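> Can you keep this structure in mind? I'll have questions shortly.
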């Protein structure tokens with residue numbers, strides 16, 4: 001029962017992250033306010049995602065210098081780069097924030113004061129996130145299929 | 001005990017994230033890219049605050065792009081990263097001798 005709850009949480013969290021990554025690419029669709037608050041919410045979602053995957057992180061970090069298959073090593077390096085890029089994107093997003101951060105800090109920021117250098121870096125990192133998310137999904141595809149099957153089987157069983 | 005464990009893991013993750021933020025800050029302040037044209041800068045500075053449903057297709061487009069790259073990645077990883085089957089490079093044993101003996 002506890003395992004199912006954990007699997008369901010991980011599954012829906014991952015789906016939320018995936019939708020958020022796509023939504024964050026288009027500021028015009030979400031609007032700047034939702035874009036910035038969703039970006040900040042990503043911090044909590046990513047931390048929760050990493051905490052749910054903690055045993056994998058510990059195991060693979062220990063095995064990284066020892067014997068590891070090419071798949072495991074690639075997955076580890078990909079995830080490391082993904083975390084780095086996401087952190088950079090969130091940080092640069094905070095620096096160019098016009099709505100969320102001024103609301104939280106109470107500072108008044110005019111749009112003309114926005115640092116274009118950081119805005120450009122934020123855009124580049126955001127685009128990189130889309131590709132890394134796709135590869136992250138690709139390398140964990142089998143897990144996703146198995147989790148989808150499990151979660152929807154639980155739904156069907158509880159409905160009967 | 002469980003709360004302490006989760007808290008310590010969280011602290012470790014935040015510590016690593018802080019190191020990444022430091023590296024990004026160093027990179028961001030050391031590079032001096034050419035600024036884009038004035039029109040682009042103006043667009044960047046004045047993004048709409050509220051959602052515009054008309055741009056839903058853009059969201060779908062990014063979803064499709066993600067799916068395409070995921071498919072490409074899947075093909076790449078399947079070809080490159082899956083270990084070769086155990087029997088690869090080994091002669092195929094047909095077991096004909098055993099069959100003759102039985103016959």
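The values are calculated or read from the model by the stated rules, or taken from the named source; none is laboratory data. Note that the structure is predicted; figures quoted are calculated from it, not measured. Please note: Cβ atoms are built from the backbone with ideal geometry, for glycine as well, and neighbour counts cover all protein chains shown.
> Can you tell me which of B:88, B:47, B:43 is within 19 Å of residue A:129 (Cβ to Cβ) and either assigned to a loop (DSSP other than H, G, I, E, B) or at pLDDT below 85 (or both)? Let's see the steps before the verdict.
Numbers: B:88 fails: within 19 Å of residue A:129 (Cβ to Cβ); B:43 fails: within 19 Å of residue A:129 (Cβ to Cβ).
From the options B:88, B:47, B:43, the qualifying one is B:47.
> Being in a loop (DSSP other than H, G, I, E, B) and surrounded by 10 or more Cβ atoms within 10 Å (Cβ to Cβ) is the filter here, so list the residues in the stretch B:12-40 that pass it. Show your work before the answer.
Keep residues of the stretch B:12-40 that are in a loop (DSSP other than H, G, I, E, B), which gives B:31-37.
Once the filter is applied, which keeps residues that are in a loop (DSSP other than H, G, I, E, B) and surrounded by 10 or more Cβ atoms within 10 Å (Cβ to Cβ), the stretch B:12-40 yields B:31, B:33, B:35, B:36.
> Within the stretch A:19-50, which residues are at the interface with another protein chain (Cβ under 9 Å from one of its Cβ atoms) and loosely packed, with under 15 Cβ neighbours inside 10 Å?
Within the stretch A:19-50, just A:19 meets the criteria.
> Right, another one. When you go through (1) within 8 Å of chain A (Cβ to nearest Cβ); (2) at pLDDT 80 or above one by one for residue B:32, which number turns out not to apply?
Of everything listed in (1) within 8 Å of chain A (Cβ to nearest Cβ); (2) at pLDDT 80 or above, residue B:32 misses just condition (2).
> Okay, next question. Filter the stretch B:2-24 down to the residues that are under 17 Å from residue A:87 (Cα atoms) and more than 7 Å from every other protein chain (Cβ to nearest Cβ) and list them by number.
B:11, B:12, B:14, B:15, B:16, B:18, B:19, B:22, B:23
> Consider residue A:104 carefully, then state whether it is within 25 Å of residue A:117 (Cβ to Cβ) and in contact (Cβ under 8 Å) with a residue 40 or more places away in the chain.
Details: within 25 Å of residue A:117 (Cβ to Cβ): yes; in contact (Cβ under 8 Å) with a residue 40 or more places away in the chain: no.
No: the conditions fail for residue A:104.
> Determine whether the stretch B:50-57 contains at least one residue that is modelled with pLDDT under 85, within 7 Å of another protein chain (Cβ to nearest Cβ) and over 24 Å from residue A:135 (Cα atoms).
Start the filter on the stretch B:50-57 by keeping residues that are modelled with pLDDT under 85, which leaves none.
For the stretch B:50-57, residues modelled with pLDDT under 85, within 7 Å of another protein chain (Cβ to nearest Cβ) and over 24 Å from residue A:135 (Cα atoms): absent.
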